1. Within the stretch B:72-82, track down each residue that is touching a Ser or Thr at 6+ places or on another chain (Cβ under 7 Å) and in a loop (DSSP other than H, G, I, E, B).
2. Considering only the stretch B:305-320, I want to know if a residue exists there that is basic (Lys, Arg) and touching an Asp or Glu at 6+ places or on another chain (Cβ under 8 Å).
3. Go through the stretch B:1-33 and report how many residues are outside any loop (DSSP other than H, G, I, E, B) and modelled with pLDDT under 75.
4. Filter the stretch A:123-164 for residues that are of a type in the set (Gly, Ala, Ser), out of contact with any Lys or Arg (no Cβ under 9 Å at 6 or more places or on another chain) and either in contact (Cβ under 8 Å) with a residue 60 or more places away in the chain or not in a helix (DSSP H, G or I) (or both) and give the result.
5. Is it the case, given these coordinates, that A:Ala254 is more than 8 Å from every other protein chain (Cβ to nearest Cβ), touching a residue at least 40 places away in the same chain (Cβ under 8 Å), surrounded by fewer than 23 Cβ atoms within 10 Å (Cβ to Cβ) and of a type in the set (Gly, Ala, Ser)?
6. Check off (1) assigned to a loop (DSSP other than H, G, I, E, B); (2) facing another protein chain (nearest Cβ under 9 Å); (3) among the hydroxyl-bearing types (Ser, Thr, Tyr) for A:Thr282 and give me the number that stays unchecked.
7. In the stretch A:62-79, which residues are in contact with a Leu (Cβ under 8 Å, 6 or more places away or on another chain) and surrounded by fewer than 19 Cβ atoms within 10 Å (Cβ to Cβ)?
Amino acid sequence: MTHPDVLLEVENLTITYASDGGTLHALRGAHLVARAGEVIGIVGESGCGKSTLAAALINLLASNARVTAGAVRFRGQDILTLPDAAKRAIRGRHIAMVFQDPMTAFNPVLPLGDQMVDYQHHLPQPRREKRARARAMLARVGIPDPDLVLGRFMHELSGGMRQRAAIAAALLMTPEVLVADEPTTALDVTMEAQIIHLLRALRHDHQGTILVVTHHLGVVGELCDRVYVMYAGQVVEEGLVDDIYHAPRHPYTAALIACDPAHLETHTPVLPTIPGRLPDLTAPPAGCAFAARCAKVTARCRAEAPPWVRVSATQAALCHEVTP
Amino acid sequence: MSALYQVAGLSVDLPMSSGILGAFLPGPKPTLNLLRDISLTLNSGETFGLVGESGSGKTTLARAMLGLQAVSGGSLTFQGQPLASQRSFTALRRDAAMMFQDAVASLSPRMTVTALITEPFVIHGLPLPDAAAKAAELLAQVGLPPALAGRFPHELSGGQARRIGVARALALRPKLVIADEPTAGLDVSVQGEVLNLMTDLKSAFGLSLMIITHNLAMVRHVSDRIAILYLGRMVETGPTRAVFARPAHPYTQSLIASEPQPDPRKRRADLAIRGEIPSVLRRPPGCAFHTRCPAAQDICRQSAPESRALGAGRQVICHFPNPI
């Protein structure tokens with residue numbers, strides 16, 4: 001059933017967290033498909049479940065998370081149900097992650113070079129060769145003086161350098177799937193542009209797929225081929241980046257794009273917002289999760305869960321009001 | 001419009017540690033030049049945007065303007081009165097309030113919301129007959145439910161903490177509010193809410209606002225005038241719309257061109273700016289921007305350009321500004 005170039009497939013993924021306030025339904029039947037050579041954006045605001053989805057992709061879910069349904073398949077195999085040793089064999093080597101904050105992702109008391117050698121523990125080569133590989137990868141991501149940087153500690157590097165080093169570390173094992181969690185959030189706009197440029201250049205020699213998790217529509221517009229928009233633990237729309245931006249079908253996608261000040265061409269003193277709040281995910285609504293904030297809401301939206309409506313070969317939305 | 005706050009020729013230097021030998025060596029002690037020759041005027045009722053990358057001196061300028069950072073040269077004037085003594089700054093901080101950068105961290109974790117938003121009265125020894133009533137009034141003004149009054153900061157969301165910051169800043173009915181990164185870390189829809197709230201309160205109370213940010217897309221819509229800082233120099237200033245329409249300084253131009261575009265049809269082919277902002281410890285000679293400037297010539301490497309007026313309220317520090 002799985003298409004040969006499908007690398008990663010998330011099916012009906014449902015994850016809950018046990019918390020003091022009850023069971024939090026963080027992901028409610030999320031799904032996505034990533035093929036080799038694609039750059040995919042996972043977009044949404046705080047609390048939409050994108051970080052839980054990213055953690056599930058790399059099999060690093062928190063200890064209070066429970067997968068109640070669904071699967072994450074890498075090359076057809078469900079990675080969530082594997083024994084721990086098999087999970088470790090995949091993590092880092094086949095599916096790697098660039099974490100949000102490169103400062104805390106690295107060990108502060110070891111030089112970068114030592115850490116980058118350790119990341120290659122799967123390989124049989126001697127340390128000297130691993131160090132040379134690390135050096136070559138640092139040079140590849142545009143770090144000047146890679147020999148010098150190998151001996152540096154993280155606090156000695158600038159924010160942009162750290163982010164480049166984090167990308168180099170994730171790519172060391174040439175993983176098929178690279179998950180980048182908010183790769184530019186900690187950076188200034190000029191560094192952000194440079195990291196986007198770097199990721200674009202890397203996609204050409206990276207044979208696999210890159211998944212970019214972000215709340216920043218600008219990053220998606222500049223970088224991605226396809227997008228999954230998330231809201232309240234669900235994928236509410238998927239499509240090509242051009243369709244999502246120019247012809248969004250889900251009202252939440254449309255509202256999200258309208259809110260981005262970068263989208264407004266003319267001077268607008270009163271910025272658009274999305275009135276209302278996210279639903280409480282300890283008691284998710286029976287109907288559409290966006291109903292309370294939606295301009296097109298009907299009685300049916302409040303009562304019934306919306307269907308997944310396919311509008312074209314590449315675009316689909318989770319909405320009662322969308323027609324094919 | 002009348003001038004509310006004037007900054008003229010402001011410089012901020014920090015003494016640098018020169019080791020134990022330095023204490024005995026003759027000659028001037030080494031200093032770190034954080035801000036040099038900053039001149040700007042905030043008018044009553046206007047919103048002024050202060051833009052720059054990390055390390056450009058934005059926060060230092062705001063702190064110096066409120067007397068929270070010792071200055072080494074220049075003069076500050078509020079409503080025609082010179083600010084020189086600690087006493088004058090204490091009085092100023094009744095009329096000019098600051099919203100600090102990290103909204104949650106700037107709220108004391110052991111105080112309730114009521115105590116936090118009425119604390120300015122306590123600090124300035126002003127009468128506060130009914131703290132609960134005042135707190136309720138302030139909460140209503142910033143659009144928060146009265147039920148929040150007894151909460152502690154860790155029980156607030158990012159957007160709510162930001163609104164508490166606004167309430168605290170407005171408690172004493174100031175004439176000027178300086179907001180340091182008021183939208184950093186907020187989702188786009190919440191960003192709009194916080195900014196709209198600030199704009200509404202600004203017109204309701206006749207406030208002046210100074211917004212410190214690196215978010216160009218946002219500041220372009222909410223500010224009347226902007227200033228761009230680079231390594232402690234104010235490289236360009238002018239009316240926001242004119243500056244965005246035709247940036248005079250190559251740095252301003254590259255900043256605007258670096259902003260990621262959400263529209264995939266406007267995807268950028270090439271980088272507008274390369275390299276990183278140099279450290280203030282190693283400030284380039286001549287024009288500080290020459291190391292990254294696409295238009296740099298010999299004179300830029302040798303001599304620092306002077307500030308020049310371009311007309312229409314615009315000023316630039318550049319040897320070869322773009323025609324406006």
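1. The answer is B:Ser72, and nothing else.
2. Within the stretch B:305-320, the subset basic (Lys, Arg) is B:308, B:314.
Narrowing further to those that are touching an Asp or Glu at 6+ places or on another chain (Cβ under 8 Å): B:314.
Within the stretch B:305-320, one or more residues are basic (Lys, Arg) and touching an Asp or Glu at 6+ places or on another chain (Cβ under 8 Å).
3. Step one: filter the stretch B:1-33 for residues outside any loop (DSSP other than H, G, I, E, B), giving B:3-15, B:19-22, B:31-33.
From what is left, the residues that are modelled with pLDDT under 75 are B:19-22.
Count: 4.
4. A:Gly151, A:Ser158
5. On the way: more than 8 Å from every other protein chain (Cβ to nearest Cβ): yes; touching a residue at least 40 places away in the same chain (Cβ under 8 Å): no; surrounded by fewer than 23 Cβ atoms within 10 Å (Cβ to Cβ): yes; of a type in the set (Gly, Ala, Ser): yes.
No: the conditions fail for A:Ala254.
6. The failed condition is (2).
7. First pass over the stretch A:62-79, keeping only residues in contact with a Leu (Cβ under 8 Å, 6 or more places away or on another chain): A:67, A:69-75.
Matches in the stretch A:62-79: A:Val67, A:Ala69, A:Ala71, A:Arg73, A:Arg75.
Here's the yes/no breakdown for (1) surrounded by fewer than 21 Cβ atoms within 10 Å (Cβ to Cβ); (2) closer than 21 Å to B:Val222 by Cα; (3) among the β-branched types (Val, Ile, Thr):
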| residue | (1), (2), (3) |
| --- | --- |
| B:Thr31 | yes, no, yes |
| B:Asp37 | yes, no, no |
| B:Thr41 | yes, yes, yes |
| B:Glu46 | yes, yes, no |
| B:Arg63 | yes, no, no |
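The values are calculated or read from the model by the stated rules, or taken from the named source; none is laboratory data. Note that the structure is predicted; figures quoted are calculated from it, not measured. Cβ atoms come from the backbone with ideal geometry, glycine included; neighbour counts cover every protein chain shown.
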